[in-house]
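The values are calculated or read from the model by the stated rules, or taken from the named source; none is laboratory data. Since the model is a prediction, treat every value here as computed from it, not as a measurement. A quick note on method: Cβ atoms are made from the backbone with ideal geometry, for glycine too, and the neighbour counts reach across all protein chains shown. When the accessible area is computed, the model is the full protein with side chains, heavy atoms only, and any ligands, DNA or RNA have been set aside. Shrake-Rupley method; radii C 1.70, N 1.55, O 1.52, S 1.80 Å.
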Amino acid sequence: MTQMVTWEIRDGIAVLTLDNPPVNALGQDLRAGIWQAIEAAGADPAVQAIVICAEGRNFSAGADIREFGKPPVAPSLPDLCNLIEASAKPVIAAIQGKALGGGFELALAAHARIAQRTAKVGLPEVTLGILPGAGGTQRTPRLIGAEPALRLILGGKPLRARDAQAMGLLDGVVEDGLVDAAIALARNMVADGKPVVPTRARRDGFHEPAAYEAAIAAARTAQDKVPANPDLPANSRIIDCIEAALLLPFDAGLTFERSAFEDCLGSIGARGLRHAFLAERRTAKIPELGTQPRAIAHVGVIGGGLMGAGIIVALMGAGLAVSLVERDHDSLVAGLERIADIHENAVAKGRMTAEARDEQWARLKGSADITTLAEVDLVIEAASEDEAIKTALFRQLDSVVKPGAILATNTSYLDINTLAAATSRPGDVVGLHFFSPAHIMRLMEVVVGAQTAPDVVTAGFALAARLGKVAVRAGVCDGFIGNRILTAYRTAADFTLEDGASPAQIDAAMRAFGMALGPYQVSDMAGLDISWARRKRLAPTRDPKARYVSIADRLCEAGRFGQKSGAGYYSYPDGRVGKEDPATQAIIEAERAAKGITPRSFTAEEIQRRCLAAMANEGARILQEGIALRPSDLDVVLLSGYGYPRWRGGPMQSADEIGLLELKNTLLAYAKETPEFWRPADLLGELIKNGRHFADLNET
Ligand code: CAA
């Protein structure tokens, strides 16, 4: 027996303890260990029943995700579940923490389940683009029927122990003394003397076949309302499997489930979602890891605009004390009103209690005097995106805040090193780049300057974790990671626009790709004036020979700043729904005519290929410049900050799916038109030469 499973006999009951840190994932060693222990306990005359419990915070996080896609090694999880279920001696699962996916399927195969009150159980496989593949779709409906089983498996959300008990998934819930309670239950079952009833033989969920079939039909109708995605088949296959549970004998149902599981596992969507899961956990692996972060209890925020107010709401929600500083009394009042509006809205929608709002509000102070920030542990500057204003603020902060306080800027583009140089303490300066609305968006780029101290970097990551955000480490460059890739995406879209496509066509193509919104819808929402100001700032340094699309400038000159001005790429006669606008089309056509461009047509697939190639190529440049640590960090930025479809895993994962040679050849073909933009990054050639993919750089 491997060391991952230990067992002892207590009062005639074998207590098996799973011990595979950090989350008792059911990798091959653990499966083999459980298998041997179950067989040994079954053969031992001193054992009358078996309790399976676990060491650590969680019972089990399920199958080991890192084994997916590799050749299977026996014993398989379905076989292990069948072995447990077939045991003549009662098997009881004792669940603490989380029992998820295969971990809960293992428990479902036991003859009884008992959990600690704080435990959660669930089948979240759908969030990884797959379905429960170890009997979960067959055993769950046998216990609780189709409708709750569909809710659990399609929803993917874990249930609290008491709720799971009420549904019939658990046989008992205890406050504490979990293992003793499981042993007591085992003793009772032995004393009862009745043969154990395997879950496969249970019929509790089949009592009303008509209701069962109605639930299946309702799920299919709901499913038909969302556009089918052949790259993400999990949802529809889950419904098939739950239906099969009623229609097929158990073993045939298991075979059906297995084949559906394997179909899903091989889908692009499953690979993308699995990549996203692991990528999000990898971002925290930074060179500074292990350095004790500077403590943060009180934060000063400069600027109560849209961004500053969102940041403050996020900080207050995480229990921090916050001091807002604005440039004058009127701006301060406006900032406080913005914060109050967000809170009122949350209370009105039932997302926050009035008590929580009052408690949070009590931790907020406001002032028009920057010297009130003398005692804060961190300042987040969220003033206007103007280098002179920000540099002056940093100079002032240097003389105001206490030694050791962190000076952070929320700049989207400006050079952190320039701001750091305005202070006498460049080691304390860092970029904390939030995304708007900052109390909602999950992403935070932690921008590390040339002299940023390691404990300032780890403090940025610790703050993100406290705010429930995912932090990604970025180096200094224009736009850091996200906005740099966005610029490349927009440039590719603009070339396509100027060459013949319409904004609506490009937006539709990118929505069909899976983006939450198309690039021109995003521009209209964000406001065209902000990027116009930036383009004007960069104009003197722009390569005059480089291709430059002026359509956005012409729209701005015509006062079309997007939704807020009633017109941008689209017009907004009814408020927020954009309509194609002949005036925009006229501007585009005039630009084409001025440049002598004969418009040509583009398919949706071509538009998608161009935009993706631009994003992945810019990503490769960011990597070769050392701005990001690894390709999967870029993916996390695009997934959590820019609406890239999670099931595609991010642009670097998409590039791996396409194949890097194919990507390079596509870029070379486009480079014939506009070489300076489309030239393939050197890194691409390096990877191709060595037969490697972006994914290979994630593990280094
Ligand atoms: N397989 C492999 N590794 C896993 C894992 C899994 N199922 N679940 C978590 N891990 C790893 C994480 O990658 C992370 O690794 P690093 O330390 O190297 O970064 C580590 O365990 C800790 O994970 P978290 O940071 O997520 O820890 P947490 O305490 O915040 O959350 C958790 C714990 C709730 C269990 C969470 O990890 C989680 O939700 N895990 C995935 C659960 C899941 O989706 N299970 C279904 C698996 S598929 C399946 O089981 C298919 C089947 O039917 C056969």
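Quick check, is PRO21 within 27 Å of VAL190 (Cβ to Cβ), within 16 Å of the ligand (Cβ to nearest atom) and not in a helix (DSSP H, G or I)?
Details: within 27 Å of VAL190 (Cβ to Cβ): no; within 16 Å of the ligand (Cβ to nearest atom): yes; not in a helix (DSSP H, G or I): yes.
No; evaluated as a whole, the condition is false for this residue.
Considering each residue of segment 320-341, count those that are out of contact with any strand residue (DSSP E or B) (no Cβ under 9 Å at 6 or more places or on another chain) and open to solvent by less than 40 Å² (accessible area, probe 1.4 Å), and give that number. Within segment 320-341, residues that are out of contact with any strand residue (DSSP E or B) (no Cβ under 9 Å at 6 or more places or on another chain) and open to solvent by less than 40 Å² (accessible area, probe 1.4 Å) number 3.
In segment 435-447, the residues that are open to solvent by 10 Å² or more (accessible area, probe 1.4 Å) reach residues that are not aliphatic (A, V, I, L, M) with C-beta atoms within less than 6 angstrom, at least six apart or across chains, in these pairs: PHE435/GLY641; PRO437/GLY310; HIS439/GLY310; MET441/PHE435; ARG442/LYS469; ARG442/SER640.
Just so you know, in segment 30-74 the residues that are assigned to a helix (DSSP H, G or I) and of a type outside the set (A, V, I, L, M) include one that is farthest from the ligand (Cβ to nearest atom), and it is GLY42. Of the residues making up segment 566-582, those that are in contact (Cβ under 8 Å) with a residue 24 or more places away in the chain and in contact with a Leu (Cβ under 9 Å, 6 or more places away or on another chain) number 2.
Scan segment 1-22 for residues that are more than 16 Å from ILE84 (Cβ to Cβ), touching a residue at least 60 places away in the same chain (Cβ under 8 Å) and touching a strand residue (DSSP E or B) at 6+ places or on another chain (Cβ under 7 Å) and the total you get is 0.
For (1) without any contact (Cβ under 8 Å) to a residue 40 or more places away in the chain; (2) open to solvent by 20 Å² or more (accessible area, probe 1.4 Å), each residue gets a yes or a no:
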{"residue": "GLU589", "(1), (2)": "yes, yes"}
{"residue": "LYS595", "(1), (2)": "no, yes"}
{"residue": "ALA604", "(1), (2)": "no, yes"}
{"residue": "ALA614", "(1), (2)": "no, no"}
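Inspect all residues belonging to segment 8-25 and state whether any of them is touching a Leu at 6+ places or on another chain (Cβ under 7 Å), farther than 20 Å from PRO124 by Cα and β-branched (Val, Ile, Thr). Within segment 8-25 (the criterion being touching a Leu at 6+ places or on another chain (Cβ under 7 Å), farther than 20 Å from PRO124 by Cα and β-branched (Val, Ile, Thr)), the answer is no, since none of the residues qualifies.
Show me the helices (runs of 4 or more DSSP H) entirely contained within segment 176-273 in which 3 or more residues are surrounded by 13 or more Cβ atoms within 10 Å (Cβ to Cβ) and more than 16 Å from the ligand (Cβ to nearest atom). It would help to see each step written out before you state the result.
Working: elements: 178-192, 209-225, 234-247, 250-265.
Helices (runs of 4 or more DSSP H) meeting the threshold: 178-192, 209-225, 234-247.
Taking segment 1-18, which residues are more than 16 Å from the ligand (Cβ to nearest atom) and assigned to a strand (DSSP E or B)? So that I can check it myself, show each step before the final result.
Keep residues of segment 1-18 that are more than 16 Å from the ligand (Cβ to nearest atom), which gives 1-3, 5-17.
Within segment 1-18, VAL5, THR6, TRP7, GLU8, ILE9, ARG10, ILE13, ALA14, VAL15, LEU16, THR17 qualify.
Scanning segment 670-700 for residues that are under 23 Å from ASP633 (Cβ atoms) and not in a loop (DSSP other than H, G, I, E, B) yields ASP682, LEU683, LEU684, GLY685, GLU686, LEU687, ILE688, PHE694, ALA695, ASP696, LEU697, ASN698. Hey, among the residues in segment 121-139 that are more than 8 Å from the ligand (Cβ to nearest atom) and touching a residue at least 40 places away in the same chain (Cβ under 8 Å), which one's surrounded by the fewest Cβ atoms within 10 Å (Cβ to Cβ)? Looking at the filtered set, the residue picked out is VAL126.
Apart from one condition, GLN624 fits all of (1) closer than 30 Å to ALA681 by Cα; (2) surrounded by 22 or more Cβ atoms within 10 Å (Cβ to Cβ); (3) not basic (Lys, Arg); the exception is (2).
Being open to solvent by 50 Å² or more (accessible area, probe 1.4 Å), modelled with pLDDT of 95 or more, in the same structural domain as GLU605 (by TED's automatic domain parsing) and not hydrophobic (A, V, I, L, M, F, W, C): is that true of GLN585 here?
Details: open to solvent by 50 Å² or more (accessible area, probe 1.4 Å): yes; modelled with pLDDT of 95 or more: yes; in the same structural domain as GLU605 (by TED's automatic domain parsing): yes; not hydrophobic (A, V, I, L, M, F, W, C): yes.
Considered against the rule, which asks whether it is open to solvent by 50 Å² or more (accessible area, probe 1.4 Å), modelled with pLDDT of 95 or more, in the same structural domain as GLU605 (by TED's automatic domain parsing) and not hydrophobic (A, V, I, L, M, F, W, C), GLN585 comes out as yes.
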